[in-house]
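Peer 1: Here it is, the structure in full.
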Amino acid sequence: MSQAATVNIVFVLFPKITQLDFTGPAQCVSRMPGARVFAAAEDVTPIPTDSGFSIVPSVAFPSCPQADILCVPGGHGVAAAIEQKTVVSFVGDQAKAARWLTAVCTGSFILGAAGLLRGKRATTHWAYTHLLSIVGATHEQARIVKDGNVITAGGVTSGIDFGLRLISEVAGQPAAQAIQLALEYDPAPPFSCGTPSTASGELVRLLRSRTYDAAAAELEKALRHP
């Protein structure tokens, strides 16, 4: 059997990322035949996540190889990353030659800030979908949305589904199925409230008022005043 071609998969890191947006799909795609995973950031100092620990990038932006697959995680640091410019510039530069442009959760808005979602169907975390039009995208109600070579995923845990879908697109369905089995990915959540359509209205309103209304307003400000 011939050796699989090398596939460079670049995850873009920035402070206050949601770690599962990164680690979920990374765990999947790192097992894809030929995969070389790079965790790229402005420099290689530890990146604080939303989970009380930091992640050490493997490469700084200036020395990062060209991505075949570019993936942008989300998190509460997205607005600051957009305002700071360096991340958006790196994404825009890498996108020129990447085969796949992808994002998980609010990472979609970094793709959007780089001009990569104009005219595209896309998704993001449910609390921020109303902002996709600002970057020229049309929201599609789905956990994973593929439009051409752009794949976007919903919030947080959808990154695992996204990782398997991406493997299927790149390496074929048998490879994706083998990796799903190896990871024993067979979700059986204890509660049926994982989306606004299945959660109670009271729970949705509570989360919006406690966290997401303010976070969405901050992100909207960054998108409208880059």
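Computed from the coordinates by the stated procedures, all read-outs in this text should not be read as laboratory data. Fair warning: this is a prediction, and the values are worked out from it, not measured in the lab. Neighbour counts run over all protein chains shown; Cβ positions are idealised from the backbone, glycine included.
Peer 1: Show the residue pairs meeting these rules: Cβ distance below 6 Å; 6+ apart or different chains; first residue within segment 55-77 and closer than 14 Å to GLN19 by Cβ; second residue part of a loop (DSSP other than H, G, I, E, B) and among the hydroxyl-bearing types (Ser, Thr, Tyr).
Peer 2: GLY74/THR18; GLY75/THR18
Peer 1: Determine if segment 186-194 includes at least one residue that is among the charged types (D, E, K, R) and surrounded by fewer than 13 Cβ atoms within 10 Å (Cβ to Cβ).
Peer 2: yes
Peer 1: Moving on. If you scan segment 102-127, which residues turn out to be outside any loop (DSSP other than H, G, I, E, B) and over 10 Å from the mean Cα position of the chain (by Cα)?
Peer 2: GLY112, ALA113, ARG121, ALA122, TRP126, ALA127, listed by residue number.
Peer 1: Within segment 195-223, restricting attention to residues that are among the polar types (S, T, N, Q) and assigned to a loop (DSSP other than H, G, I, E, B), which residue is surrounded by the most Cβ atoms within 10 Å (Cβ to Cβ)?
Peer 2: Restricting to residues being among the polar types (S, T, N, Q) and assigned to a loop (DSSP other than H, G, I, E, B), the top hit is THR195.
Peer 1: Could you tell me which of the residues ALA39, ALA26 is surrounded by 16 or more Cβ atoms within 10 Å (Cβ to Cβ) and out of contact with any Gly (no Cβ under 8 Å at 6 or more places or on another chain)?
Peer 2: ALA39
Peer 1: Given the criteria out of contact with any helix residue (DSSP H, G or I) (no Cβ under 8 Å at 6 or more places or on another chain), surrounded by fewer than 24 Cβ atoms within 10 Å (Cβ to Cβ) and assigned to a loop (DSSP other than H, G, I, E, B), does THR45 qualify?
Peer 2: Considered against the rule, which asks whether it is out of contact with any helix residue (DSSP H, G or I) (no Cβ under 8 Å at 6 or more places or on another chain), surrounded by fewer than 24 Cβ atoms within 10 Å (Cβ to Cβ) and assigned to a loop (DSSP other than H, G, I, E, B), THR45 comes out as yes.
Peer 1: Across segment 129-155, what is the number of residues that are surrounded by 20 or more Cβ atoms within 10 Å (Cβ to Cβ), under 14 Å from the mean Cα position of the chain (by Cα) and part of a loop (DSSP other than H, G, I, E, B)?
Peer 2: Residues meeting the conditions: 2.
Peer 1: May I pose another question? Within segment 85-121, how many residues are in contact (Cβ under 8 Å) with a residue 60 or more places away in the chain and touching a Phe, Trp or Tyr at 6+ places or on another chain (Cβ under 8 Å)?
Peer 2: Count: 6.
Peer 1: For segment 74-101, what are the residues that are farther than 24 Å from ILE160 by Cα and assigned to a loop (DSSP other than H, G, I, E, B)?
Peer 2: Residues satisfying the conditions are LYS85, LYS96, ALA97.
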